[in-house]
Amino acid sequence: MFPFNVRVYGILIHAGRVLLCRESHRGRELVKFPGGGLEFGEGPVDAVVREFREELELPVKVTEHLYTTHFFQRSAFDPRHQIISIYYLIRFRDEVPEWAERGSYEWDGRVFIWHDTRDLSADDLTLPIDKYVVPLIPGR
């Protein structure tokens, strides 16, 4: 049996910039969109809201579904797993936090960086599905 690994990601755009996450995972350096795994008992919208709360202590609101994987993608970390990724456009739920006006924010071993949406290319990201999503981002 081929297990599925469902991932959820938030595309947060503010002042013409999109938020990216630089982190180390299983010995690999990654640049990706913020997000993570769907947990048992939650839906994907709840999961992306939870991920932003956990990773950034940031309340967000999902505004629109952007993309769900429509091709086979084997996990880069466990070749027995198939990855299904769901991307949402999100926005700040409340006021814009002070760190959003700076270039980066460090938290729990991750560095969150703003990248100009017009200059964003697939080469800026590590994961194959993230690379596919880049041209779908509004403002590019």
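The values are calculated or read from the model by the stated rules, or taken from the named source; none is laboratory data. The structure displayed is predicted, hence computed values, not measured ones. Quick reminder, even Gly has a Cβ in these numbers, built from the backbone with ideal geometry, and neighbours come from all protein chains shown.
Some points to look at:
- Residue satisfying condition, being loosely packed, with under 12 Cβ neighbours inside 10 Å and out of contact with any Leu (no Cβ under 8 Å at 6 or more places or on another chain), within set 96, 111, 48: 96
- Of everything listed in (1) modelled with pLDDT of 95 or more; (2) over 15 Å from residue 130 (Cα atoms), the single unmet condition for residue 67 is (2).
- Candidates in region 114-126 are the residues that are more than 23 Å from residue 26 (Cβ to Cβ) and not polar (S, T, N, Q); of these, the one that is surrounded by the most Cβ atoms within 10 Å (Cβ to Cβ) is 114.
- Subset of region 59-104 that is of a type in the set (D, E, K, R) and assigned to a strand (DSSP E or B) - its residue that is farthest from residue 115 (Cα to Cα): 74
- Odd one out for residue 41 among (1) modelled with pLDDT of 95 or more; (2) surrounded by 12 or more Cβ atoms within 10 Å (Cβ to Cβ); (3) part of a loop (DSSP other than H, G, I, E, B): (2)
- On the stretch given as region 6-16, residues that are modelled with pLDDT under 95 and closer than 18 Å to residue 55 by Cβ total 1.
- Residues that are within 12 Å of the chain's Cα centre (by Cα) and either surrounded by fewer than 17 Cβ atoms within 10 Å (Cβ to Cβ) or part of a strand (DSSP E or B) (or both), drawn from region 25-38: 30, 31, 32, 35, 36, 37
- Figure legend. Inter-residue proximity from region 82-108: first residues farther than 13 Å from residue 13 by Cα and acidic (Asp, Glu), second residues modelled with pLDDT of 85 or more and surrounded by fewer than 18 Cβ atoms within 10 Å (Cβ to Cβ), beta-carbon distance below 7 Å, spacing 6+ or different chains. Indicated pairs: 94/59.
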